[in-house]
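**Q** Mind looking over this structure? Questions follow.
The values are calculated or read from the model by the stated rules, or taken from the named source; none is laboratory data. Please read these numbers as outputs of a predicted model, since none were measured by experiment. Cβ sites come from the backbone with ideal geometry, for glycine too, and all protein chains shown count toward neighbours.
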Amino acid sequence: MPKVPGLFKGLGVTLNTLKRTAIDGTNTVQYPHEKEAPPIRARGVIALHEGNCTSCMLCVRSCPDWCIYIEGHKEMAPPRRAGGKPRQVNKLDRFDIDYALCMYCGICVEVCPFDALFWSPEYEYSEPKIADLLHDKAKLSEWMETVPEAPALEAGAEKKGKK
């Protein structure tokens, strides 16, 4: 048979806990109604700067999930200088990322030598059907608007040789 004073003490703790509100408002965000601003370097979704992409396929080859699909073609472009010969440039036809497969490792962003891929802090892009998570270059380009500006260099971080 349990001791009666201990039972009342336990019930008192339970009643005091029930009286307290679960949300104190200091660090809890009521998500659907209030949206918290993500940190500056948050990994949300990958955004594409279409003008910088040269269809080099480095991001496709380095992706461990094989969730990036690129198609392109070559076009002749005018010479860079007067009197030069015309040059071939790659034009991007298709750039898709399947976010149903992506594990958000960021290797594609890091390996891109032309600064065509960026992390966007956008995190609300769920879809009712899994097939709709394949985003094309138009959708990826829309997210470039949400990419924050790069932070300024720290003092003393200038390139050597430039004064």
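**Q** Considering only segment 133-145, how many residues are loosely packed, with under 14 Cβ neighbours inside 10 Å and assigned to a helix (DSSP H, G or I)?
**A** Residues in segment 133-145 being loosely packed, with under 14 Cβ neighbours inside 10 Å and assigned to a helix (DSSP H, G or I): 2 in total.
**Q** Just checking, does segment 99-119 include any residue being assigned to a loop (DSSP other than H, G, I, E, B), at pLDDT below 90 and of a type in the set (D, E, K, R)? Outline the logic, then answer.
**A** First, the residues of segment 99-119 that are assigned to a loop (DSSP other than H, G, I, E, B): 99-106, 112-116.
With the extra rule that they be at pLDDT below 90, the set shrinks to none.
Within segment 99-119, none of the residues are assigned to a loop (DSSP other than H, G, I, E, B), at pLDDT below 90 and of a type in the set (D, E, K, R).
**Q** Can Val60 be described as outside any loop (DSSP other than H, G, I, E, B), touching an Asp or Glu at 6+ places or on another chain (Cβ under 7 Å) and farther than 30 Å from Glu36 by Cα? Walk me through how you get there before you give the answer.
**A** Numbers: outside any loop (DSSP other than H, G, I, E, B): yes; touching an Asp or Glu at 6+ places or on another chain (Cβ under 7 Å): no; farther than 30 Å from Glu36 by Cα: yes.
The answer is no for Val60.
**Q** Could you tell me how many of the residues in segment 54-94 are surrounded by 17 or more Cβ atoms within 10 Å (Cβ to Cβ) and at pLDDT below 95?
**A** Summing the residues that are surrounded by 17 or more Cβ atoms within 10 Å (Cβ to Cβ) and at pLDDT below 95 in segment 54-94 gives 3.
**Q** Give the residue that is farthest from His49 (Cα to Cα), with candidates limited to residues of segment 95-124 that are β-branched (Val, Ile, Thr) and surrounded by fewer than 20 Cβ atoms within 10 Å (Cβ to Cβ). Full working, then the answer.
**A** Filtering segment 95-124 for residues β-branched (Val, Ile, Thr) gives 97, 107, 109, 111.
From what is left, the residues that are surrounded by fewer than 20 Cβ atoms within 10 Å (Cβ to Cβ) are 107, 109, 111.
Details: Ile107: 16, Val109: 11, Val111: 15 Å.
Restricting to residues being β-branched (Val, Ile, Thr) and surrounded by fewer than 20 Cβ atoms within 10 Å (Cβ to Cβ), the top hit is Ile107.
**Q** To continue, here is another question. Answer yes or no as to whether Asp96 is in contact with a Leu (Cβ under 9 Å, 6 or more places away or on another chain), charged (D, E, K, R), part of a loop (DSSP other than H, G, I, E, B) and under 26 Å from Lys129 (Cβ atoms). Walk me through how you get there before you give the answer.
**A** Values: in contact with a Leu (Cβ under 9 Å, 6 or more places away or on another chain): yes; charged (D, E, K, R): yes; part of a loop (DSSP other than H, G, I, E, B): no; under 26 Å from Lys129 (Cβ atoms): yes.
No.
**Q** Please name all residue pairs, on different chains or six or more residues apart, with Cβ atoms under 7 Å, provided the first residue is in segment 29-52 and is part of a loop (DSSP other than H, G, I, E, B) and the second residue is β-branched (Val, Ile, Thr).
**A** Cβ pairs passing all conditions: Glu36/Val29.
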